[in-house]
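Enquirer: Here you go, one structure.
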Amino acid sequence: MGIMGGTDELVELLGRAGLEVVGERRVEEVLPPPFAWRHVAKWEAEPAVAVGFERADPVAEINAQWFRLASETGILGEDGVFLVDAGCAPRRWIRVRLAADWDLAGVLGERPGQPEFLTMSPDGDTLLGVTTEEYAVWLVAVDRIRERQEEAARLAGRETAEDRAAAWESLFQGPRPPEKVIDAWASGLSLNAATPKELRSQLVDRSSYAMYSALSTEALDAALAHPDWKRRMRAAEHQPNITPEQWDRVILAEQDERQRWLLTMIAAERWAELDEGTCRRLAADPSPRVRSETARLKNLPADLSVALAADPDGGVRAVACLTAWPHLDAAAQQALLADPHGTVRVRARLLHHRQHPMPRAVFEAQEIQGVQDIRGQALETCRLERGLAEDLARHGTPDERRSLARNPRLDPDLAALLAEDPDADVRYVVAQRADLTEEQRARIDFEFDPNQHSWALDWVVALHEDEDAMRRLAASCHPLIRRSVARARRLPPDVVARLARDEDRVVQLFLAESCEDAPADMLLEVWQWWTGSLSSPDRPRGHPNFPRHGLLRYADDPSPRMRQLALDDPLSTPELVERLSRDPDEEVRYRAATDPRLSAAGAARLLEDPHEHIRHAAALHPRLPVRLLVMLLRTGTGNAETAARNPALPAEVVRRMVGVLTAGAAD
């Protein structure tokens, strides 16, 4: 059966087969279809019924036999609901019920009369598979599924040292795995912390991940001097420890103008440290694009910034004037203000008018008014002549007034005027200003959506080391300011205590993510409703102050979030790990799957869990039986990559795997 294009097509297929989908599609807490198929397809499987192709109407016979067996074995529940897998991707059980007119054998297969489908009881303990063999269609019934899983896991967990050695040896016997599987080995080994450092450079040809780990000095030198341009660029983009000397060699040795420009751009974006001599050579490069990126380099000497601000190319001047401006004399600044290149003039004007009031004529010039972003920058960053600022504060558009409200150079009385603006968004922006007292801020009528995504205010971050300022701002009426205070790494005890009780729970979240002084009881509260962010995936549970003792009392808690914490208690036992590895909630089972105390049998059982992320964790578990790990290494690119990341791979096995993949590259 081909891969379905989506849920609608699958529902349409099931509809043609006379199956009504029941409820929302979800992951059923039973043996997943790919593993269930193994019970039907294994060589010792015996059919309960075999329907030969010579029958006058084999489709009707197969349907009749399926219905009889499904009724007798308990596949069909009292309400007629059962699970079906029609072999379509993504492979998940669908909860269905027979319609009045149904035909499973005629629809669920490559062609009518040659069906391929699985059905299972809703409790997941009985399976009935229908599969087409050479001369007949087999109906295979399997009972006691969970008991069979447990027994298979127990047997797998009884590996001896001899069994493990034989399993590792079998990895290298027989035909060479497909190249996609070998590539998956390279990707997994690149991400495996147990892979010896001296072998990582040999993975670069096969895996893009290999460049993310620090190579040895010799391997990095080789990558940066590699004849393949893409290899050189990937090394420059991703290697974490490139020295100034290595940057010099890779950029200055590049003869191709475009490639030299890209390498200089990468160095600028990575804030790389380049030697002064290299900066001077790049500042004199014949390519304007290279000189333009040179102007953005982190440690560019001031005299080179000044020189590039007078470059013959307008694009170079436009970039260089931003960093060169404080170092320019009055004549050089005037030259940029009158520059023939429009972008240079506009940027110079914005810089000039941070110190010198901008008159109306300049603000209304086409160069500024013609570009929305430039006009906004002028309103937000420039010092404006009093009459212009007052007119905009009173009569400007809502967008202009909002931009003006962000301007730190605005006179206090005009900020007070905007604090009473009829536009709620303008008042909201004014309420964030750094120059307000908390009494003034409290008088502003602004609205705040607690669910909005927010970032720390720069001016609050700049005060994080000022304890008095943190005390004052922690009591602010503006939640965004309190959230910004909570982002401080260290805070006085009284400030922490106040923020830990804040009515805005995002304040508590930010305190849990950022502040080393966050209290244990608050961290435990945050844990109950927050599952982690991309920027701080381990918080709050990974916080140094998160409670570790006394957590065993949660082992039987109704909340899955709390039950899993019991395994963090130093007094927890391997027996508790085993118990929670069978928990009805996937989140608890996942926590058990990542526990190093999980038994080999437990890891083997979770390798067939209904949820993919739990199966993934089981494949990474160091106690996973070697026979199963080898099976994963030889099957499917996704399985092989995950298995190659398993930290229990012996160093000698890793060396042999690298030998296989490098031999393939040489061939």
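The values are calculated or read from the model by the stated rules, or taken from the named source; none is laboratory data. Fair warning: this is a prediction, and the values are worked out from it, not measured in the lab. Here the Cβ positions follow ideal geometry from the backbone for every residue, glycine too, while neighbour counts run over all protein chains shown.
Enquirer: Would you be able to say whether some residue in region 520-531 is among the β-branched types (V, I, T), more than 26 Å from Y590 (Cα to Cα) and surrounded by fewer than 21 Cβ atoms within 10 Å (Cβ to Cβ)?
Expert: The answer is no; no qualifying residue exists.
Enquirer: So which of R258, R291 ends up being under 22 Å from R232 (Cα atoms) and surrounded by fewer than 20 Cβ atoms within 10 Å (Cβ to Cβ)?
Expert: On inspection, the qualifying residue turns out to be R258.
Enquirer: Let me ask something else. Scan (1) part of a helix (DSSP H, G or I); (2) out of contact with any Pro (no Cβ under 7 Å at 6 or more places or on another chain); (3) modelled with pLDDT of 95 or more; (4) within 30 Å of A166 (Cβ to Cβ) for the single condition Y590 breaks and write down its number.
Expert: (4)
Enquirer: Follow-up. Restricting the search to region 213-253, which residues are surrounded by fewer than 16 Cβ atoms within 10 Å (Cβ to Cβ) and under 22 Å from E641 (Cα atoms)?
Expert: Answer for region 213-253, where residues must be surrounded by fewer than 16 Cβ atoms within 10 Å (Cβ to Cβ) and under 22 Å from E641 (Cα atoms): just A214.
Enquirer: Related question: Can you tell which of R345, R354, R386, R360 is crowded, with 17+ Cβ neighbours inside 10 Å and not acidic (D, E)?
Expert: Working: R354 fails: crowded, with 17+ Cβ neighbours inside 10 Å; R386 fails: crowded, with 17+ Cβ neighbours inside 10 Å; R360 fails: crowded, with 17+ Cβ neighbours inside 10 Å.
The conditions single out R345.
Enquirer: In this structure, is A593 crowded, with 16+ Cβ neighbours inside 10 Å, out of contact with any Lys or Arg (no Cβ under 8 Å at 6 or more places or on another chain) and of a type in the set (G, A, S)?
Expert: Yes.
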